[in-house]
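Single-structure report; data block below.
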């Protein structure tokens, strides 16, 4: 079994070779947790939350630009970025893949934003990619916040509000050329690691609204 180090506790849950295979996550304290992925239904558009503090003025923010893949997005000042690569196992016939992850940390080294970039050579739609690599766990419990459809940088996207540990951990999925992009924000903290939130809901919305894709 490959060891997976997943940003913000569970950036992705990775399926095995069979549709009903177990999923193993390695948390920050190196405890291995087994979870069972659920089938993913089509996401339905819902209202975007509007509560939370007022947005931070974007003229005080920094813009991160990826010249190679042609995207950019704003983020709070003072964040440092590091890069890692993680192996992903797809379910069924989905091939293994590698995700490049950019992690942005604040001055206290708390994760604020993770951005995953995964090659998508077969051109899977967002929902199909999630079915294969990262089913939205909240669909297993209708009492939890459910996925919602949004638009980011002119692209159709899906927001999964709950991670595979059943904690509030919003993740946005969308395609960019032959890649799938996963945008994760530390909006509600990471309880099992004792880490506080690094962004407000309004801040994360500014990141989403300011995301741009090159031609």
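Within region 86-96, the presence of a residue that is within 20 Å of residue 204 (Cβ to Cβ) and in contact with a strand residue (DSSP E or B) (Cβ under 8 Å, 6 or more places away or on another chain) is excluded. Among the residues making up region 162-198, those that are touching a residue at least 60 places away in the same chain (Cβ under 8 Å), over 19 Å from residue 71 (Cβ atoms) and either within 13 Å of the chain's Cα centre (by Cα) or assigned to a loop (DSSP other than H, G, I, E, B) (or both) are 163, 164, 165, 167, 169, 186, 196, 198. Only one entry of 127, 146 meets the criterion of being within 18 Å of residue 158 (Cβ to Cβ) and either part of a loop (DSSP other than H, G, I, E, B) or at pLDDT 95 or above (or both), and that entry is 146.
Which ones in region 67-80 are within 21 Å of residue 119 (Cβ to Cβ) and without any contact (Cβ under 8 Å) to a residue 24 or more places away in the chain?
Within region 67-80, 67, 68 qualify.
Applying the criterion of at least 3 residues that are within 20 Å of the chain's Cα centre (by Cα), at pLDDT below 85 and surrounded by 14 or more Cβ atoms within 10 Å (Cβ to Cβ) to the strands (runs of 3 or more DSSP E) found wholly in region 1-120 leaves 23-26. In region 130-142, the residue that is modelled with the highest pLDDT out of those that are more than 13 Å from the chain's Cα centre (by Cα) and assigned to a loop (DSSP other than H, G, I, E, B) is 142. Exactly one residue among 156, 125 is surrounded by fewer than 20 Cβ atoms within 10 Å (Cβ to Cβ), in contact (Cβ under 8 Å) with a residue 12 or more places away in the chain and closer than 24 Å to residue 89 by Cβ, and that residue is 125.
Identify all residues within region 133-148 that are surrounded by 15 or more Cβ atoms within 10 Å (Cβ to Cβ) and out of contact with any helix residue (DSSP H, G or I) (no Cβ under 9 Å at 6 or more places or on another chain); write none if there are none. Lay out the reasoning, then the answer.
In the first step, residues of region 133-148 are kept if they are surrounded by 15 or more Cβ atoms within 10 Å (Cβ to Cβ); the result is 133-140, 145-148.
Once the filter is applied, which keeps residues that are surrounded by 15 or more Cβ atoms within 10 Å (Cβ to Cβ) and out of contact with any helix residue (DSSP H, G or I) (no Cβ under 9 Å at 6 or more places or on another chain), region 133-148 yields 133, 134, 135, 137, 138, 139, 140, 148.
The values are calculated or read from the model by the stated rules, or taken from the named source; none is laboratory data. Keep in mind it's a predicted model, so treat the numbers as computed, not measured. Here Cβ is always computed from backbone atoms with ideal geometry, including for glycine, and neighbour counts include all displayed protein chains.
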